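All remarks here apply to the structure that follows.
The values are calculated or read from the model by the stated rules, or taken from the named source; none is laboratory data. Model, not experiment: these values are computed from the prediction. Ideal geometry is used to build each Cβ from the backbone, glycine not excepted, and the neighbour counts take in all protein chains shown. Accessible surface is based on the protein model in full, side chains and every heavy atom, while ligands, DNA and RNA are left aside. Shrake-Rupley method; radii C 1.70, N 1.55, O 1.52, S 1.80 Å.
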Amino acid sequence: AEEVGEGGAVGRWGGEEFILIVKNTNFEQGCELAEQLRRKIESKVCSWKDLDLKITMSMGLAQLNPSENFEGIIELADNKLYEAKEQGRNRVVF
């Protein structure tokens, strides 16, 4: 996706989970990007057969620091995702 910028990546991480990796972005910029993506997805209507479907997205956001490993940051982001779901969904938690 163009939103993650050059060198970034988007992929499916699990059943209904996706991962976005954004390079050369500070935490504040990452939070803003996540919220922009959430709003963009929320504003879309998908038509399927006779139905108009609205999609929402909950996101957990974490920043990788040099002292952390990849598995630890994934676990942190996953915990934040579950916080977002517990808080009512369709939100970004960081």
Can you give the extra length, in nm with one decimal, that the chain gains between THR56 and PHE18 once fully stretched, where that is 0.36 nm per residue apart less the Cα-Cα distance? 12.3 nm
Sum of side-chain charges, ILE19 neighbourhood, beta-carbon under 10 Å (Lys, Arg +1; Asp, Glu -1): -1
Pick from GLU75, GLU35, GLU16 the residue whose mean-square fluctuation is largest in a GNM of the chain, springs joining Cα atoms under 10 Å. GLU16
With a Förster distance of 35 angstrom and the Cβ-Cβ distance between LYS40 and SER67, calculated FRET efficiency to the nearest 0.05 equals 0.60
Between the helical axis of 27-42 and the dominant principal axis of the chain, each derived from Cα atoms, what acute angle in degrees is found, rounded to the nearest 10? 10 degrees
Report in % the part of the accessible area of the chain that belongs to carbon and sulfur, leaving out ligands and nucleic acids; probe 1.4 Å. 49 percent
In straight Cα distance, which lysines are under 25 Å from LYS54, not counting same-chain residues fewer than 8 positions off? LYS40, LYS44, LYS80, LYS85
Quick one: among GLY30, GLY60, GLY14, which has the greatest mean-square fluctuation in a GNM of the chain with alpha-carbon springs under 10 angstrom? GLY14
Value of [θ]222 nm, deg cm²/dmol, for the chain, DSSP H segments ≥ 4, -39500 (n - 2.57) each, nearest 500: -11500 deg cm²/dmol
Have a look at SER47, SER67, SER58 and tell me which one the Gaussian network model of the chain (Cα, springs below 10 Å) gives the largest fluctuation. SER67
Quick one: helix 70-86 against the long Cα principal axis of the chain, what's the angle to the nearest 10°, folded into 0 to 90? 40 degrees
Heavy-atom accessible area per residue, the chain, 1.4 Å probe: how many Å²? 75 Å²
